[in-house]
Amino acid sequence: MHQQLIIEKISSILEATDDSYDVKLTSLLDSAKRIFIAGAGRSKLVGNFFAMRLVHGGYDVSVVGEIVTPSIKDGDLLIIISGSGETEQLIAFTKSAKKIGAKIVLISAKSESTIGDMADAVFQIGRSEQYGKVLGMPMGTVFELSTLLFLEATISHVIHEKGIPEEIMRERHANLE
């Protein structure tokens with residue numbers, strides 16, 4: 001029962017998400033010198049999934065907050081994943097990156113927010129009114145799972161658009177596991 005509820009809810013969120021986002025996000029990824037991904041809590045974990053797949057796709061990617069993350073610079077892209085667009089730490093990251101000249105993308109459940117106001121692009125996953133309480137999906141689960149699937153679909157778009165064979169992706173996968 002709960003599995004079907006989750007599948008139906010995520011499907012409805014993705015159906016309400018703009019179909020052109022994967023093309024727009026791919027264009028931003030391709031025009032960036034380097035890509036930085038930030039989120040907090042479970043949104044950061046979704047960002048980690050996306051970062052790994054981008055590396056497999058041949059992009060230069062860093063996850064904000066890791067000890068080896070380099071400094072962001074003009075021409076880089078910062079992707080913020082935040083359901084609310086109001087997380088204080090992520091607002092601070094956005095302000096710093098914006099001041100330096102990096103482009104900012106917000107992936108969010110809300111079209112308008114503090115981070116969204118500073119961003120060069122906002123990709124709203126679903127519609128705001130779809131994020132009320134959902135049986136069996138507490139505390140942001142709907143946004144996080146929907147965003148994970150949206151970003152995996154974007155990677156699928158990248159792979160097909162660029163013709164990246166799975167063998168090449170495997171060569172780029174970590175071999176010190």
### Message
For region 61-98, give me each residue that is surrounded by fewer than 22 Cβ atoms within 10 Å (Cβ to Cβ) and polar (S, T, N, Q).
### Response
62, 69, 71, 84, 89, 96
### Query
For residue 80, are the conditions met, namely being under 14 Å from the mean Cα position of the chain (by Cα) and either among the acidic types (Asp, Glu) or under 16 Å from residue 35 (Cα atoms) (or both)?
yes
### Task
Quick one: in region 20-51, of everything that is farther than 20 Å from residue 120 by Cβ and surrounded by fewer than 17 Cβ atoms within 10 Å (Cβ to Cβ), which residue is modelled with the lowest pLDDT?
41
### Query
Using beta carbons and a limit of 7 Å, which pairs, at least six apart or on different chains, have the first residue in region 151-163 and touching a residue at least 12 places away in the same chain (Cβ under 8 Å) and the second one surrounded by 12 or more Cβ atoms within 10 Å (Cβ to Cβ) and of a type in the set (D, E, K, R)?
153/22; 154/22; 155/53; 157/22
### Query
Considering only region 116-145, how many residues are at pLDDT 95 or above and not hydrophobic (A, V, I, L, M, F, W, C)?
4
### Query
Has region 108-115 got any residue that is within 14 Å of residue 50 (Cβ to Cβ) and at pLDDT 95 or above?
no
#### Entry: Residues that are charged (D, E, K, R), surrounded by fewer than 17 Cβ atoms within 10 Å (Cβ to Cβ) and within 18 Å of residue 24 (Cα to Cα), drawn from region 99-126
120
### Task
Would you check if there is a residue in region 35-45 being in contact (Cβ under 8 Å) with a residue 60 or more places away in the chain and more than 25 Å from residue 110 (Cα to Cα)?
no
### Near pairs, Cβ below 6 angstrom, 6+ apart or cross-chain, from region 74-95 (within 20 Å of residue 145 (Cβ to Cβ)) to any residue that is modelled with pLDDT under 95 and surrounded by fewer than 18 Cβ atoms within 10 Å (Cβ to Cβ)
83/140
### Task
For residues that are among the acidic types (Asp, Glu) and closer than 21 Å to residue 23 by Cα, scanning just region 159-177, find the one that is modelled with the lowest pLDDT.
166
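The values are calculated or read from the model by the stated rules, or taken from the named source; none is laboratory data. It should be emphasised that the depicted structure is a prediction, and the values quoted were computed from it without experimental measurement. Glycine gets a Cβ as well: all are built from the backbone with ideal geometry, and neighbour counts include every protein chain shown.
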